[in-house]
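See below for the structure under consideration.
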C-alpha cells in the first residue's frame, strides 16, 4: 500500500495565513530586531568590547554575533508558534481546524513551518545587521544554515506546545521572558564559559542553552565552548522531546478539546 499523501493545499492555506499575518506587521517585526541588535552592539560591542579585545582569538564584537542571532531566534520562534496556535483557541476557530480534512501532522507542519520561516528570516536580518558593525566570516556556511533551521524548528515546536498549554496572553509570555531569556544570557551568548571561575563554569554546563549557542558559534568560528557533537545531541534530544509532546497533545486532545 502507498502511504497517504499529505494535504498540501490545506497546509498551504494555514501557512499562507500565518505568513500573511506576519506580513501585516513586517516592518515592525523586522525593524525591532534591527534596532535591538544595534543597541546590543553599541552597549556590548563598543562599551565592553573596548575593554575586552578578543575571546580565544576572536574579536569580541564578532564573538557575540551568534549569541545575538540565537537570542532573537529563540524569542521569535517561541512567540510566533505559540501565538499562531493560541489565537484559534482564543477565538474558538480551533474546532474548524481540527474538523478540517487535515491530520495532526499536517496541522503541525503548517503552523511550525510558518513560524520557523519567520524566525529564520529574522535571524538572517540580524546577521545582515551585524555586518554593519563588524566583519564576520562564517567558517561553515551550510552548517550555519542547517543549525538555524534545526534551532528554529525545535523552538517553534516548543512554542506550539506553549501555545496549547497557555490559557491567557500572560501565560504566553511567562516562559520566554522568565525562563528562556535568562537562560540565554547565562548560556554564553555574550561570553565564553571558560571565563567563569569554578563552580560557576560547571553549573553553567547544566544550562541546555549553552550547547545550542556553542554549536551555532562553532559554525562561525570552528570552535565553541563544548564539542559540536554534544551540541548536536542536545538539539536532537530537544527535537525528539518536542515531537513526542506534540504527538501526545493530539492523541489526548490536551487543551485542544474542552
Roughly what angle does helix 209-221 make with the longest principal axis of the chain, taking Cα atoms, 0 to 90 degrees, to the nearest 10?
-> 60
From zero up to wherever the largest Cα-Cα distance of region 159-236 sits, split into 5 Å bins and tell me the percent of pairs in each.
-> 3, 15, 21, 20, 16, 12, 8, 4, 1
Relative contact order (%) - region 8-252, alpha-carbon pairs under 8 angstrom, separation at least six | 26
By average C-beta atoms within 10 angstrom, highest first, the peptides 126-138, 105-117, 244-256 = 105-117, 126-138, 244-256
At a temperature of 37 °C and a viscosity of 0.692 mPa s, determine how fast region 114-258 diffuses translationally according to Stokes-Einstein, using the Kirkwood radius over alpha-carbon pairs as Rh; express D in µm²/s, rounded to the nearest whole number.
-> 196
For the chain, fraction of C-alpha pairs farther apart than 25 Å, in % | 45
Calculated FRET efficiency for the pair residue 134/residue 195, C-beta based, R₀ 22 Å, to 0.05 | 0.65
Tilt, helix 228-252 to longest principal axis of the chain (alpha-carbon atoms), in degrees rounded to tens, equals 20
Does a label point 7 Å from the Cα of residue 36, set along Cα-to-beta-carbon, have any residues of region 154-185 with amide nitrogen under 16 Å, and which are they?
-> 155-156, 159, 172-185
Once every Cα of region 199-258 carries one equal point scatterer and solvent is ignored, give the base-10 log of I(q)/I(0) from the Debye formula at q = 0.14, 0.17, 0.18, 0.26 Å⁻¹, two decimals.
-> -0.53, -0.65, -0.69, -0.99
In whole percent, the Cα-Cα distances of region 1-139 spread across 10 Å bins from 0 upward as 11, 34, 24, 17, 11, 3, 0
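Neighbouring Cβ atoms within 10 Å as the yardstick, rank 96, 76, 198 fewest first. Please list the in-between numbers first.
Working: 96 10, 76 27, 198 7.
Fewest to most other Cβ atoms nearby, the residues stand as 198, 96, 76.
To the nearest 0.05, how large is the calculated FRET efficiency for residue 202 and residue 174 if R₀ is 35 Å and r is the Cβ-Cβ distance?
0.80
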Cα centroids of region 15-30 and region 195-230: how far apart, whole angstrom?
-> 33
Those residues of region 165-181 whose amide nitrogen sits under 17 Å from the label point placed on residue 245, 7 Å along Cα→Cβ | 165-168, 171-181
Sort all Cα-Cα distances of region 99-157 into consecutive 5 angstrom bins from zero, then give the percent of pairs in each bin up to the one containing the longest distance.
-> 4, 17, 20, 20, 14, 10, 6, 4, 3, 2, 0
C-alpha center-to-center spacing [region 65-99, region 116-155] in angstrom = 19
Ordered by fewest other Cβ atoms within 10 Å, a rough proxy for footprinting exposure, 156, 242 read 242, 156
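Bear in mind these aren't lab numbers, they're just calculated from the coordinates by the rules spelled out. These numbers were taken from a predicted model, which means no experiment stands behind them. Using ideal geometry, Cβ is built from the backbone for each residue, glycine included, and neighbour counts are taken over all protein chains shown.
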